[in-house]
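Participant: Just dropping this structure here.
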Amino acid sequence: MPKQSGGRRNSPSGRSEEPARRPFWLRLVRGTLIWGVALALLGAIFLGTAVYMTARELPSFSSLQSSQNGQMIVVRARDGTELVSLGPSYGQWLSYDKIPDIMKDAIVSVEDRRFREHWGVDPVGVGRSVMVRVEKGRWRQGGSTITQQLARTIFLNNSRTFGRKIREAVLALALEHKFSKNEVLELYLNKVYFGGGAYGIDAASRKFFGHPATELSTAEAAIIAGLVKAPSNYSPTADVEAAKSRGKVVLSQMAKAGVISQSDASEIDLDDVKIAKERGQNSVRYFTDWALPQLDVLLPETDEPIEVWTTLDVGMQRAATQAIDSNVPKGAQGALVSLDGDGGVLAMVGGTDYVHSNYNRATQAMRQPGSAWKLFVYLAALEAGYTPDDRVVDEPVTIAGWSPNNSGRTFAGEIDVRTAFAYSKNTVAASLGNEVGFGTVASMARRFGITTPVNTNPSMVLGTSDVRVIDMTRAFAAVSAGGTAVEPYGILKVTTTKGELLYEHKAQAGQVLVPPNVAAGITDLLQSAVATGTGRAAQIGRPVAGKTGTTSSNKDGWFLGFSSGITTGVWMGRDDAKAVPGLQGGHAPASAFAAYMRVAVKGRPVKPFDTELKLPEWQLEPDDEQMTGSPDDYYYTDENGNLIQPGSTSRRGPADGPPRYEDGDVGAGEGPAGPAPANRAPPAVGDDFLEQATGGRRNQPDPDLRAAPPPPNAFRRPSYPPQQGRPAPRPEYDQQ
């Protein structure tokens, strides 16, 4: 019998046959499946272990019930009166059975419709979020479940990192492993943040609607359920309309989930929902919204309860709110900032109703100041050498193709600087700005605290650059302080609830912005504007200095001024920048200023203004002179080293009697300027030498001509000594 071969089979041709090999792609798929299953099993083991260990470490249900989140902050006025408690607010804990079914249905419909079907993490939701990411190129839709949100609320933060998302997922699975669905939902509805400091539905219901959560209607439940997505944006205390708009989205989702019918969703009118007024927290919240973020810089990181003592005066805040409400034109908004002499904010109103709109027009809105901007124009002119008594000409002027007009489209001719400012002559301001330089005016505004962009077009002298109310008030406060910088602040000190001092404001000397004579001169002008000019409605029976401002078509009205150490700025206008009929700075804003200031200065001593001009030596005629250089040089120097030409005359023009203005009346309080000063610079050498040096007496100025009036169209300007001009400004004067 023939012997059988053990390994290979011989083909009929005598060749051995190799076993057939599987295709490469089939082997790749098989290997991938094997490794995938192995890795999945390994991952499941690790995940299960992590979830089991995490679940063991989780607090008990009763512990989670008693724990609270967030930091309590009690805000006090300067006298210790509690203004508002801005920390977390917790209502009554409601068990699952006591929570209204409509509230549970609303939150599940809008936040996690598959809540009853997943184990804490919803693969369908995650997949949907990834698809949106692929289509839109960015994360537009979150895949977090209610359980994941609960885990984040209790144990984590809101950082957008994958590490946090992984921990969140593990915690969510652990929560679902340890607690039932009903317990998870009970924890969520009692602990999640709904805005306005309210944690849990009972606190939210009491805060926003004034009743416990057990009495929630369908419309109210929809509004509360809509807050979770963005509490700061949708909270009724921040924006009522946004809260109601979001509530409509929730009703639509409830209809899609079958919780309510589509007809019911359409019939529910969210405008009928009554939002509870916050007692004592309306206008005060504009101030706290501005002041409290400063704690991030002033304090080390802490989550313990604290008390913040502020600069706010309760009585003045009440008066400020009343002044705005009583004087703002219908359909317009108003803002007010009042500063004490050291910069402490005594009152702040950012709008007519904080609950309706939390947009702070006192610190955030940027509007054109109109003629109130002339403060900086005249400051620059005074620093350049002008005085309130100097003569200027109110006449048509064209600068680089721009021709400004006065409000009455009339011209008063030759007047003094004081009158031009008091009656807010646009042509004079334009000429002054052109003379000193528009960049100089912009630099002056920067020096006095204007932080918004400033243009240097010719029209800028009439206030075409946008500014903030608080910045303009700060500038006027610096004038009140004698030309010294003032920094607004709102926090006096911060303590723990046990009394431990964490921060205390330290007073610092302000930087000198302008010389004393410039501060005195601009105060003189501001006082005249209230006493006899456009700001007469701001009079309060004691010295007041201030300036009106009105933009084109009456879109903005301003009044800013100071008295008895308090500086206050008022703005009125519409948020959409539409014209407000009859709105002028000298009317409603000035009236609001007066109404507030009568209360603010009550009890303070009457403080007269220092308007005495103590001119710097470079601006005075020298009493002594000295020879310098060769006898052939007929110039002399004053004691500051300024070169003076012999025979130069005083800068002041003659007195032509009281001027007449646009309405034809003689200016009140504007008497003759007095005789022209008779002194002139003494010669450096004898008359014989001067005759030889100057070509004879015919070239010497005739003393009788010194008092002659300027030509009708002459715009008087300071005549600086030759080759000298004015002294170089200090570096801090030229900030841009």
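Participant: Pick from region 449-496 the residues that are of a type in the set (S, T, N, Q) and closer than 22 Å to THR611 by Cβ: which of them is least open to solvent (accessible area, probe 1.4 Å)? Spell out how you get there, then give the answer.
Facilitator: From region 449-496, those of a type in the set (S, T, N, Q) are 451-452, 455-457, 459, 464-465, 473, 480, 484, 495-496; that's our starting set.
Those left that are additionally closer than 22 Å to THR611 by Cβ: 473, 480, 484.
On the way: THR473: 0, SER480: 40, THR484: 37 Å².
Among them, the one singled out is THR473.
Participant: Continuing with this model, one more query. Quick one: which strands (runs of 3 or more DSSP E) lie wholly within region 256-367 and hold at least 3 residues that are under 21 Å from MET597 (Cα atoms) and either open to solvent by 60 Å² or more (accessible area, probe 1.4 Å) or of a type in the set (A, V, I, L, M, F, W, C) (or both)?
Facilitator: By residue number, 333-339, 345-349.
Participant: Do you know which residues across region 103-120 are of a type in the set (A, V, I, L, M, F, W, C), open to solvent by less than 30 Å² (accessible area, probe 1.4 Å) and assigned to a loop (DSSP other than H, G, I, E, B)?
Facilitator: Result: PHE115, single match.
Participant: Is there a residue being under 15 Å from THR419 (Cβ atoms) and assigned to a helix (DSSP H, G or I) anywhere in region 540-552?
Facilitator: no
Participant: Still on this structure, please answer the following. Here is a list of conditions, (1) within 17 Å of ARG167 (Cβ to Cβ); (2) under 38 Å from the mean Cα position of the chain (by Cα); (3) at pLDDT 85 or above, and ALA106 meets all of them except one; can you say which number that is?
Facilitator: Just one mismatch for ALA106, condition (1).
Participant: Here is a list: PHE411, PHE438. Which entry is touching a Ser or Thr at 6+ places or on another chain (Cβ under 8 Å), farther than 19 Å from THR548 by Cα, modelled with pLDDT of 95 or more and open to solvent by 20 Å² or more (accessible area, probe 1.4 Å)?
Facilitator: Working: PHE411 fails: modelled with pLDDT of 95 or more.
Answer to the check: PHE438.
Participant: In region 601-611, what count of residues is obtained for those that are more than 23 Å from LEU525 (Cβ to Cβ) and either out of contact with any Ser or Thr (no Cβ under 8 Å at 6 or more places or on another chain) or not charged (D, E, K, R) (or both)?
Facilitator: Summing the residues that are more than 23 Å from LEU525 (Cβ to Cβ) and either out of contact with any Ser or Thr (no Cβ under 8 Å at 6 or more places or on another chain) or not charged (D, E, K, R) (or both) in region 601-611 gives 3.
Participant: Continuing with this model, one more query. Considering each of GLY125, GLY142 in turn, give the residue that is among the small types (Gly, Ala, Ser), at pLDDT below 80 and open to solvent by 30 Å² or more (accessible area, probe 1.4 Å). Show your work before the answer.
Facilitator: Numbers: GLY125 fails: open to solvent by 30 Å² or more (accessible area, probe 1.4 Å).
The unique qualifying residue is GLY142.
Participant: Hey, among PRO212, PRO231, which residue is touching a Gly at 6+ places or on another chain (Cβ under 8 Å), closer than 24 Å to ARG152 by Cα, open to solvent by 10 Å² or more (accessible area, probe 1.4 Å) and touching a residue at least 12 places away in the same chain (Cβ under 8 Å)?
Facilitator: PRO231
Participant: Looking only at region 438-449, how many residues end up being free of Cβ contacts under 8 Å to residues at least 40 places away in the same chain and in a loop (DSSP other than H, G, I, E, B)?
Facilitator: Residues that pass the stated criteria total 1.
Participant: Of the conditions (1) farther than 30 Å from THR495 by Cβ; (2) at pLDDT 65 or above; (3) surrounded by 10 or more Cβ atoms within 10 Å (Cβ to Cβ); (4) among the hydrophobic types (A, V, I, L, M, F, W, C), VAL75 fails just one. Which one is it?
Facilitator: (1)
Participant: Now, a different point. Cβ-Cβ below 8 Å, separation at least six or inter-chain, first residue in region 330-347 and closer than 20 Å to GLN584 by Cα and in contact (Cβ under 8 Å) with a residue 12 or more places away in the chain, second of a type in the set (Val, Ile, Thr) and open to solvent by 10 Å² or more (accessible area, probe 1.4 Å): which pairs?
Facilitator: GLN333/THR352; GLY334/VAL328; GLY334/THR352; VAL337/THR363; VAL337/ILE470
Participant: Based on what the data block shows, is ALA381 in a helix (DSSP H, G or I), without any contact (Cβ under 8 Å) to a residue 60 or more places away in the chain and open to solvent by less than 10 Å² (accessible area, probe 1.4 Å)?
Facilitator: Here the answer is yes, as ALA381 does meet what is asked.
Participant: Checking the structure you have, find out if any residue of region 497-513 is open to solvent by less than 10 Å² (accessible area, probe 1.4 Å), under 17 Å from LEU560 (Cβ atoms) and in a loop (DSSP other than H, G, I, E, B). Full working, then the answer.
Facilitator: Kept after step one, since they are open to solvent by less than 10 Å² (accessible area, probe 1.4 Å), are these residues of region 497-513: 513.
Those still in the list that are under 17 Å from LEU560 (Cβ atoms) too: 513.
Okay, now just the ones that are also in a loop (DSSP other than H, G, I, E, B), so 513.
For region 497-513, residues open to solvent by less than 10 Å² (accessible area, probe 1.4 Å), under 17 Å from LEU560 (Cβ atoms) and in a loop (DSSP other than H, G, I, E, B): present.
Participant: Could you tell me whether any residue of region 429-438 is among the hydroxyl-bearing types (Ser, Thr, Tyr) and farther than 30 Å from GLY343 by Cα?
Facilitator: Yes, region 429-438 has at least one match.
Participant: Same structure again: Go through region 581-603 and give me each residue that's in a helix (DSSP H, G or I) and either open to solvent by less than 20 Å² (accessible area, probe 1.4 Å) or touching a helix residue (DSSP H, G or I) at 6+ places or on another chain (Cβ under 6 Å) (or both).
Facilitator: First pass over region 581-603, keeping only residues in a helix (DSSP H, G or I): 588-600.
Result: ALA588, PRO589, ALA590, SER591, ALA592, PHE593, ALA594, ALA595, TYR596, MET597, VAL599, ALA600.
Participant: Condition check: crowded, with 18+ Cβ neighbours inside 10 Å and farther than 30 Å from PRO300 by Cβ. Does ARG446 satisfy that?
Facilitator: no
Participant: Out of (1) in a loop (DSSP other than H, G, I, E, B); (2) at negative phi; (3) open to solvent by 20 Å² or more (accessible area, probe 1.4 Å); (4) not hydroxyl-bearing (Ser, Thr, Tyr), what's the single condition that is false for PRO236?
Facilitator: The failed condition is (3).
Participant: Confirm whether THR410 is of a type in the set (S, T, N, Q) and under 26 Å from GLY557 (Cα atoms).
Facilitator: Considered against the rule, which asks whether it is of a type in the set (S, T, N, Q) and under 26 Å from GLY557 (Cα atoms), THR410 comes out as yes.
Participant: OK, next. VAL397 - would you say it is of a type in the set (A, V, I, L, M), open to solvent by less than 50 Å² (accessible area, probe 1.4 Å) and either free of Cβ contacts under 8 Å to residues at least 24 places away in the same chain or not in a helix (DSSP H, G or I) (or both)? Before the answer, list the steps.
Facilitator: On the way: of a type in the set (A, V, I, L, M): yes; open to solvent by less than 50 Å² (accessible area, probe 1.4 Å): yes; either free of Cβ contacts under 8 Å to residues at least 24 places away in the same chain or not in a helix (DSSP H, G or I) (or both): yes.
So VAL397 passes the test.
Participant: Being at pLDDT 65 or above, crowded, with 20+ Cβ neighbours inside 10 Å and among the aliphatic types (A, V, I, L, M) is true for just one of LEU150, LEU156. Which residue is that?
Facilitator: LEU150
The values are calculated or read from the model by the stated rules, or taken from the named source; none is laboratory data. Small disclaimer: the values here were computed from a predicted structure and weren't measured. Cβ: placed from backbone, ideal geometry, glycine included. Neighbour counts: every protein chain shown. Calculation scope for accessible area: heavy atoms of the full protein, side chains included, ligands and nucleic acids excluded. Shrake-Rupley method; radii C 1.70, N 1.55, O 1.52, S 1.80 Å.
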